[in-house]
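Everything on this sheet refers to the single structure shown next.
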Amino acid sequence: MILRTHYSGDINAEMDGKEVTLAGFAHETRDLGGIAFLVLRDRKGLAQITLVKKLLGKEAFKSARSISRESVVLVKGTVKAEPKAPRGFEILPGEVQVLNPAQVPLPLDPTEKVECELDTRLDARFMDIRRPSVLAAFEIESAVLESLRGFFRENAVTEVFTPKIVAAATEGGTDLFPISYFEKEAFLNQSPQLYKQMLMGAGMDRVFEIGPIFRAEEHDTRRHLNEAVSIDLEVSFADDKAVMEILEQAVAGAYRHVAENCRYQLEVLGLDLKVPSLPFRRITYSEALGLAADKAGAKMQWGDDLDTETERFLGQSIGEHYFLTDWPSSIKPYYTLPYEDHPEVCRGFDLMHPRMELASGAQRVHDYEQLVGRIKEKGLDPDGFEFYLKAFRYGMPPHAGWGLGLSRLVMTMLNLENIRDAVIFPRDRKRLVP
Ligand code: ATP
Ligand code: MG
């Protein structure tokens, strides 16, 4: 049995006279003597419950008046059109039940009238998410995932899960979390990269995975966490250009889906969401260096990773999503395919939002000998990658793919300041609880 018949947001003045049951939190109470108001909040909005002594009876009126804020309440009553009420209606209850009372004082104020430190909010995240604008971001995140899954399904991409407990690093780096795995050493996976490539060798042709990635880097930024959700795609018989088109369509499609399906949440956030237009601009790494040198006087050498200042400059001057392509092979991972006729440049790309990187992708090396060579060039030992390399010896289709950070997509879409606003229970250098 579901206790409520309606959410607050589903009710309007046209439902005058209808009997409804609402359930939610006591957002606010106001007592004017013979009449009192209880504002009930659920995930779709607020409803004004007008407490009338005559309707409720003396005892029930008295206890309803004194409900502590944020208690869980159930209200059975009649909708009445009331032009003076905030949304044009009020509920006249015949019954108000406290299903579970809230203690006082509250760890934070969910009505959003009071600003609150991020740490305090994260410490009492369950209460923080009762704030409509905080909740709205997570509901939109869910809509983004719905859109992406629908898009992948339309494009005949198979959803897969690869292991998060692994024996080797994807890129041979040291930024992994070690865990103990019986008598062996194991790690939390930093990316599904190697596994999704192996699935190309398995003939799965097109796969996607939405799952956690773990990075043991000591970040202290607004866009890095130690645990993040990555949306990964890998497609056989595709090159870098093809998967860039898939990526821009996926991103624009997610914006469109949110604009169409999350009107209430966008209103709560005060956002007029603009769907980015396609195609996104493509800028090569060399062009980016040139732009930065001309206009910002940046002193970067070919082969340097783009620094934050250059990224900021490019973002500001371009002002919308763009791709950075054709990176130096020396700064992209070994599995990125160099151009055949000028191997110092590779088919790697990044998808950028003016504020930050959203995704990285590439056409991959699919030739066994070339891959072994690239691993050695990067100073890594091919023996450590035998489980992966094996899949390249018996017929590996050419393939390409990308990894897109879910929270970065959401935080840039919603203009959230900090990635922690786009992750329900974030994990960073200092935070392991809750
Ligand atoms: P950055 O340069 O911004 O640190 P990266 O190049 O190390 O990112 P990739 O390995 O390319 O990251 O991962 C693909 C995507 O996954 C990134 O574009 C980003 O959206 C997301 N991502 C990677 N690391 C993190 C992290 N620590 N926190 C949140 N998202 C991340
Ligand atoms: Mg990257």
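Of everything in region 134-162, what is touching a helix residue (DSSP H, G or I) at 6+ places or on another chain (Cβ under 9 Å) and either at pLDDT below 95 or part of a loop (DSSP other than H, G, I, E, B) (or both)? Give them in sequence order. First the steps, then the outcome.
Keep residues of region 134-162 that are touching a helix residue (DSSP H, G or I) at 6+ places or on another chain (Cβ under 9 Å), which gives 134-141, 143-148, 150-152, 155, 157-160, 162.
Those that are touching a helix residue (DSSP H, G or I) at 6+ places or on another chain (Cβ under 9 Å) and either at pLDDT below 95 or part of a loop (DSSP other than H, G, I, E, B) (or both): N155, V157, V160, T162.
For region 203-224, which positions are within 16 Å of ligand 2 (Cβ to nearest atom) and of a type in the set (F, W, Y)?
F214, the sole residue that qualifies.
Going by what's in this entry, would L266 be described as within 16 Å of ligand 2 (Cβ to nearest atom), touching a residue at least 40 places away in the same chain (Cβ under 8 Å) and part of a helix (DSSP H, G or I)?
Taking the combined requirement at face value, the residue does not satisfy it.
In region 346-355, is there at least one residue being among the aliphatic types (A, V, I, L, M), at pLDDT below 95 and touching a strand residue (DSSP E or B) at 6+ places or on another chain (Cβ under 9 Å)?
Scanning region 346-355 turns up no residue that is among the aliphatic types (A, V, I, L, M), at pLDDT below 95 and touching a strand residue (DSSP E or B) at 6+ places or on another chain (Cβ under 9 Å).
Each row is one residue, and each column tells you yes or no for (1) touching a helix residue (DSSP H, G or I) at 6+ places or on another chain (Cβ under 9 Å); (2) without any contact (Cβ under 8 Å) to a residue 60 or more places away in the chain; (3) more than 14 Å from ligand 1 (Cβ to nearest atom).
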position: A359; (1), (2), (3): yes, no, no
position: D367; (1), (2), (3): yes, yes, yes
position: K376; (1), (2), (3): yes, yes, yes
position: Y388; (1), (2), (3): yes, no, yes
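When G211 is evaluated against the numbered criteria (1) within 15 Å of ligand 1 (Cβ to nearest atom); (2) more than 20 Å from the chain's Cα centre (by Cα), which criterion, by number, is the only one it fails?
(2)
Tell me which of these Y335 doesn't satisfy, since it passes every other one: (1) among the hydroxyl-bearing types (S, T, Y); (2) surrounded by fewer than 17 Cβ atoms within 10 Å (Cβ to Cβ); (3) assigned by TED's automatic domain parsing to the domain that holds I165.
Only one criterion in (1) among the hydroxyl-bearing types (S, T, Y); (2) surrounded by fewer than 17 Cβ atoms within 10 Å (Cβ to Cβ); (3) assigned by TED's automatic domain parsing to the domain that holds I165 is unmet by Y335, namely (2).
Considering only residues that are among the polar types (S, T, N, Q) and assigned to a loop (DSSP other than H, G, I, E, B), look in region 392-434 and name the one that is surrounded by the fewest Cβ atoms within 10 Å (Cβ to Cβ). Quick ask: steps written out before the conclusion?
So in region 392-434, the residues among the polar types (S, T, N, Q) come out as 407, 412, 415, 418.
Subset that is assigned to a loop (DSSP other than H, G, I, E, B): 415, 418.
Numbers: N415: 12, N418: 14.
Ranking the candidates gives N415 first.
Residue by residue through region 1-15, note down the ones that are among the β-branched types (V, I, T) and closer than 11 Å to R87 by Cα.
If the condition is that a residue be among the β-branched types (V, I, T) and closer than 11 Å to R87 by Cα, then I11 is the only one that fits.
Condition (residue is within 16 Å of ligand 2 (Cβ to nearest atom) and touching a Leu at 6+ places or on another chain (Cβ under 6 Å)) applied to region 384-403: is it met by at least one residue?
yes
Which one is modelled with the lowest pLDDT among residues in region 163-206 that are of a type in the set (A, V, I, L, M, F, W, C) and under 18 Å from T336 (Cα atoms)?
First, the residues of region 163-206 that are of a type in the set (A, V, I, L, M, F, W, C): 165-169, 176-177, 179, 182, 186-188, 194, 198-200, 202, 204.
Remaining after also requiring under 18 Å from T336 (Cα atoms): 169, 194, 198-200.
Values: A169: 71, L194: 96, M198: 98, L199: 98, M200: 98.
Filtering first and then ranking leaves A169.
Each row is one residue, and each column tells you yes or no for (1) part of a helix (DSSP H, G or I); (2) of a type in the set (A, V, I, L, M, F, W, C); (3) surrounded by fewer than 20 Cβ atoms within 10 Å (Cβ to Cβ).
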site	(1), (2), (3)
S180	no, no, yes
A186	no, yes, yes
M200	yes, yes, no
F208	no, yes, no
P212	no, no, yes
E218	no, no, yes
R222	no, no, yes
L233	no, yes, no
E245	yes, no, yes
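The values are calculated or read from the model by the stated rules, or taken from the named source; none is laboratory data. Computed from a predicted model, the values in this text were never measured in an experiment. Note that each Cβ is placed from the backbone with ideal geometry, even for glycine, and that neighbours are counted across all protein chains shown.
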